[in-house]
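Below is one structure, written out as structure tokens, with a few remarks after it.
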Amino acid sequence: MKKWITIFFILVFTLELSSQVRPAGRRDVRRFFESTTYVVKDRAPFSGFNEHLQKAMEKHWHITPFEFITFDEFERMRTDENASFMIFADIKQRNLDEVYEFINFVMGDRKRDFESMPDLGSVPLAYVDADQELYYYKMGAFVKFMQTYVQEQATTPRLRLSRFFNVKDERLKSMELWLLEEEMAPQIDTKEKIRRIYPYRVRFVTREMIAEAIDQNREDVAFLHKIGPEDTIAPLGRKCWKFIIAAKDGRVLYASSHDIDRQSPDGLLASDLAKMAK
């Protein structure tokens, strides 16, 4: 099992972040493009995270040199302001009740306070202890998102967990929306039900098909990245986060969240499709 991280980023306790991380500024971004990106290996012995992220980096990462390092090496290097890092971590934000798994994408900082490390576009993956197979197949898109976001921060919404974060991009209507049946609310679990609300192209697919579309840089495909409690905790009252992501570049085309109750389960809702269709 993965361990959690403290404010000093030692993998023992949960790191509690403020509701606003320190976003990378222009100077930080300039330093990033001159940096080597160090991908910190997950220390969990049976985790497939390292293998999936390495494959995604080798296939999709083009903007900086990158190397894989151990956590001990990260501890020695993290104060280097001319180095950038990706590290798998379980994080508790102060504005939210639950702990989430993230890929933290940050610049080094002289201070040993993790909150001072400039955030280049970290990616929320899942509730802590959720089955990692729920997101491994999307790893290529997460790498693409980080790459796109750091290059186009002014025009690219970030993947963030905030109650007040909503995104709707008209480009979604020109793409085919790929969905997993098990991630749909009962009101929209068939194409016939979906067509009554969302008149654009929709297809039910498998995880393998989504992974293939990401690897092929499909310009015509977008897919759902859902973050929900699954079977980790009792779902009622928890948050369900929904992001529609472009397979080609990882760009966020739609983002919303809801509190889970008996009428609004852990999944994409009819109201989400209605918003996308407007």
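Observations on the structure shown:
- Selection count where residues are part of a loop (DSSP other than H, G, I, E, B) and out of contact with any helix residue (DSSP H, G or I) (no Cβ under 7 Å at 6 or more places or on another chain), scope the range 65-89: 5
- From Ser84, Ser174, residue being among the hydroxyl-bearing types (Ser, Thr, Tyr) and within 29 Å of Thr64 (Cβ to Cβ): Ser84
- Residue in the range 232-250 that is over 21 Å from Asp189 (Cβ atoms), charged (D, E, K, R) and part of a loop (DSSP other than H, G, I, E, B) present: yes
- Of the criteria (1) assigned by TED's automatic domain parsing to the domain that holds Gln263; (2) within 26 Å of Met86 (Cα to Cα), which one Phe142 fails: (1)
- Each residue in the range 182-203 was checked for being under 20 Å from Leu134 (Cα atoms) and crowded, with 16+ Cβ neighbours inside 10 Å, and 4 pass.
- Residue among Leu159, Leu172 that alone is out of contact with any His (no Cβ under 9 Å at 6 or more places or on another chain) and hydrophobic (A, V, I, L, M, F, W, C): Leu172
- From the options Glu219, Glu212, residue that is without any contact (Cβ under 8 Å) to a residue 12 or more places away in the chain and among the charged types (D, E, K, R): Glu212
- Failed condition for Gln20, given (1) modelled with pLDDT under 95; (2) of a type outside the set (Phe, Trp, Tyr); (3) touching a helix residue (DSSP H, G or I) at 6+ places or on another chain (Cβ under 8 Å): (3)
- Residues of the range 100-110 classified as closer than 27 Å to His258 by Cβ and surrounded by fewer than 18 Cβ atoms within 10 Å (Cβ to Cβ), total: 0
- Top-ranked residue in the range 71-87 [being of a type in the set (A, V, I, L, M) and crowded, with 16+ Cβ neighbours inside 10 Å; ranked as farthest from the chain's Cα centre (by Cα)]: Ala83
- Total residues in the range 24-35, condition outside any loop (DSSP other than H, G, I, E, B) and surrounded by fewer than 13 Cβ atoms within 10 Å (Cβ to Cβ): 4
- Within the range 131-144, not a single residue is more than 30 Å from Glu182 (Cα to Cα) and either buried (at least 22 other Cβ atoms within 10 Å of the Cβ) or of a type in the set (Gly, Ala, Ser) (or both).
- Matching option when the condition is among the small types (Gly, Ala, Ser), crowded, with 17+ Cβ neighbours inside 10 Å and either touching a residue at least 24 places away in the same chain (Cβ under 8 Å) or in a loop (DSSP other than H, G, I, E, B) (or both), among Ser256, Ser264: Ser256
The values are calculated or read from the model by the stated rules, or taken from the named source; none is laboratory data. Remember, it's a predicted structure, so these values are computed and weren't measured experimentally. Positions of Cβ are backbone-derived with ideal geometry, glycine not excepted, and every protein chain shown enters the neighbour counts.
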